[in-house]
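As structure tokens, the structure follows; a few thoughts come after it.
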Protein chains: 2
Amino acid sequence: MIVERLQEDISSMRLMPGSRISEPDIAARFGVSRQPVRDAFSRLESMGLLRIRPRKATEVKRFSRGEIEKSRFVRAAVEMEVLRRAARRCVAADGHELDACLALQRKALAKGDQLAFAQLDYDFHRAVCGIAGVPFAFDVIHAEKKKVDRLCMLALSREDRMPQLIDDHARIAEAVKAGREEEAVEAGTVHLSRLDATIEAIKVASAAYFEDED
Amino acid sequence: MIVERLQEDISSMRLMPGSRISEPDIAARFGVSRQPVRDAFSRLESMGLLRIRPRKATEVKRFSRGEIEKSRFVRAAVEMEVLRRAARRCVAADGHELDACLALQRKALAKGDQLAFAQLDYDFHRAVCGIAGVPFAFDVIHAEKKKVDRLCMLALSREDRMPQLIDDHARIAEAVKAGREEEAVEAGTVHLSRLDATIEAIKVASAAYFEDED
DNA sequence: CGGTCAAGTCTTGAATACAAGATTGAATAC
DNA sequence: GTATTCAATCTTGTATTCAAGACTTGACCG
């Protein structure tokens, strides 16, 4: 599928924000006609990854302060509500599931396996959504996350943060298991706010990838 | 624009859920070729209004329990966070804005102007988002709302509910103005839950417009 | 030397023609 | 009368061609 390939190229920053891509180019690269590419462009635009300027050009969307804030806000709101519900509903078996997630993540950290670590990060949040009784909430979190994921590819040395992220998860898990809503929300807020500093750092380091502020 | 026209047709239930539409038909109706229609279909699909079944048919999406729940959850989560922030930040001028909204809405109620009433409902929620310092949150609420808006077209006699909705808004406004977060959240929850009963009623009355449950 | 205008080229948008899969219907065999 | 099979038609997917707007580059004129 063309969409997936392009999405992967954009998410992995092989296609940099602001770089222009044209339908004929991509069509030739995939050995198809312009129509499928056009279709893919349209979908990627609605995913917020491309910006189609009619009759001018299509370019990989730059990061914008507004969109980052918006995505951040939605994720925060949803995740906090999820944590509240999870804390209210968590039973013993659920607690074990969270612990198992954490154990696996610690193992991935020990092996330095960043890919597995990232996957387990998803699994943890997905598990919390399941415990909260709102599995579909993870779809929302996931969709919002994808919009800013590529930004984090610019962050250097993710390894440093991995222990901290695990600590965050542990604290969240404890609060959820104990049924302490507000503590879980507090821990979740801290966890999310880790990203803010990273983004600010990236913004000064790679201003070219950000949209001009008005 | 073709998308808007079709969207309006779907939202207003002129095109019923489950009814099939084909690209050539719509193209002929608008006097254009299949490509613009195809483009429009693609966009409407990503808006969650159409379901394109490759090489089979394209149909107006039926309501699904899962999507309604998801949309409901996101709106609730976002709206509650907005109310919390609004309660914390509300100053005198903001309170006046809410009061003005309410006054206009009461006037619309008196005149029985349902269209204006609906618009003012949007304005109220938008105002709250503005007070909370997260205007973009309204985009999210709006987008989620559009997914289920057409469902409410099936509800009979909206007039009965208008006074109750105004009371809800008044209670929300009071709590926000007084800075009482939890009271605002509680009022917001009640406000949102009004829809649930309506949807349940519609579900039994118009089961044909809902997807089969698995 | 500089500015302006025009032609050429590059972009996406739209229209048309062709292809492939799915469904439906009728016709035929049993 | 019923079941099965084949063909016609309807669906969306893809390719190709034409069209229209915008940018670039060159030449020509002041």
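The values are calculated or read from the model by the stated rules, or taken from the named source; none is laboratory data. For clarity, every value in this text was computed on a predicted model and none was experimentally measured. All Cβ positions, even for glycine, are placed from backbone atoms using ideal geometry, and neighbour counts span all protein chains on display. The accessibility values were calculated without ligands, DNA or RNA, using every heavy atom of the protein model including side chains. Shrake-Rupley method; radii C 1.70, N 1.55, O 1.52, S 1.80 Å.
A few points about this structure:
- Screening the stretch B:42-53 for residues that are part of a helix (DSSP H, G or I) and in contact (Cβ under 8 Å) with a residue 24 or more places away in the chain and picking the one that is surrounded by the fewest Cβ atoms within 10 Å (Cβ to Cβ) gives B:Arg43.
- The one condition in (1) in a helix (DSSP H, G or I); (2) away from chain A (no Cβ under 14 Å); (3) within 13 Å of DNA strand D (Cβ to nearest atom); (4) free of Cβ contacts under 8 Å to residues at least 12 places away in the same chain that B:Ile26 fails to fulfil: (4)
- Candidate set: the stretch B:13-23, residues that are aliphatic (A, V, I, L, M) and more than 7 Å from DNA strand D (Cβ to nearest atom); chosen: the one surrounded by the most Cβ atoms within 10 Å (Cβ to Cβ): B:Leu15
- Selection count where residues are open to solvent by less than 70 Å² (accessible area, probe 1.4 Å) and closer than 17 Å to B:Ala118 by Cα, scope the stretch B:189-214: 4
- Of the residues making up the stretch B:101-139, not one is buried (at least 18 other Cβ atoms within 10 Å of the Cβ) and among the hydroxyl-bearing types (Ser, Thr, Tyr).
- Residue match in the stretch B:60-80 (condition: touching a helix residue (DSSP H, G or I) at 6+ places or on another chain (Cβ under 7 Å), aliphatic (A, V, I, L, M), within 14 Å of another protein chain (Cβ to nearest Cβ) and more than 25 Å from A:Ala77 (Cβ to Cβ)): no
- Failed item, numbered, when A:Asp168 is tested on (1) among the acidic types (Asp, Glu); (2) within 14 Å of chain B (Cβ to nearest Cβ); (3) open to solvent by less than 70 Å² (accessible area, probe 1.4 Å): (2)
- For first residues located in the stretch B:185-204 and within 21 Å of B:Asp167 (Cα to Cα), partners that are in a helix (DSSP H, G or I) and among the basic types (Lys, Arg) and lie 6+ apart or on another chain with Cβ distances below 7 Å form the pairs B:Val185/B:Arg84; B:Ala187/B:Arg171; B:Leu192/B:Arg75; B:Arg194/B:Arg161.
- Of the residues making up the stretch A:45-61, those that are in contact with a strand residue (DSSP E or B) (Cβ under 9 Å, 6 or more places away or on another chain), away from DNA strand D (no atom under 16 Å from the Cβ) and over 21 Å from B:Pro135 (Cβ atoms) are A:Glu45, A:Leu49, A:Leu50, A:Val60.
- Check on A:Phe117, within 14 Å of chain B (Cβ to nearest Cβ) and aromatic (Phe, Trp, Tyr): no
- Residue in the stretch B:155-173 that is in contact with a strand residue (DSSP E or B) (Cβ under 9 Å, 6 or more places away or on another chain) and closer than 30 Å to B:Ser19 by Cβ present: no
- Candidate set from the stretch A:24-35 (those that are under 12 Å from A:Leu6 (Cα atoms) and open to solvent by 20 Å² or more (accessible area, probe 1.4 Å)); member that is nearest to DNA strand C (Cβ to nearest atom): A:Arg29
- Residue in the stretch A:141-148 that is under 20 Å from A:Ile68 (Cα atoms), modelled with pLDDT of 90 or more and in a helix (DSSP H, G or I) present: yes
- The set of residues in the stretch B:86-100 being open to solvent by 20 Å² or more (accessible area, probe 1.4 Å) and either touching a residue at least 12 places away in the same chain (Cβ under 8 Å) or among the polar types (S, T, N, Q) (or both) consists of B:Arg88, B:Arg89, B:Cys90, B:Asp94, B:Glu97, B:Asp99.
- Any chance A:Asp123 is more than 14 Å from every other protein chain (Cβ to nearest Cβ) and either touching a Cys at 6+ places or on another chain (Cβ under 6 Å) or not in a loop (DSSP other than H, G, I, E, B) (or both): yes
- Among the residues of the stretch A:31-44, the one identified as in contact with a strand residue (DSSP E or B) (Cβ under 8 Å, 6 or more places away or on another chain) and facing chain B (nearest Cβ under 8 Å) is A:Ser42.
- Selection from the stretch A:59-85 of residues that are within 16 Å of DNA strand C (Cβ to nearest atom) and open to solvent by less than 20 Å² (accessible area, probe 1.4 Å): A:Glu59, A:Val60
- Residue check, B:Lys56 within 16 Å of DNA strand C (Cβ to nearest atom), free of Cβ contacts under 8 Å to residues at least 12 places away in the same chain and open to solvent by 20 Å² or more (accessible area, probe 1.4 Å): yes
- Qualifying residues in the stretch A:1-12 (those that are in contact (Cβ under 8 Å) with a residue 60 or more places away in the chain and open to solvent by 20 Å² or more (accessible area, probe 1.4 Å)) - the one farthest from the other protein chains (Cβ to nearest Cβ): A:Ser12
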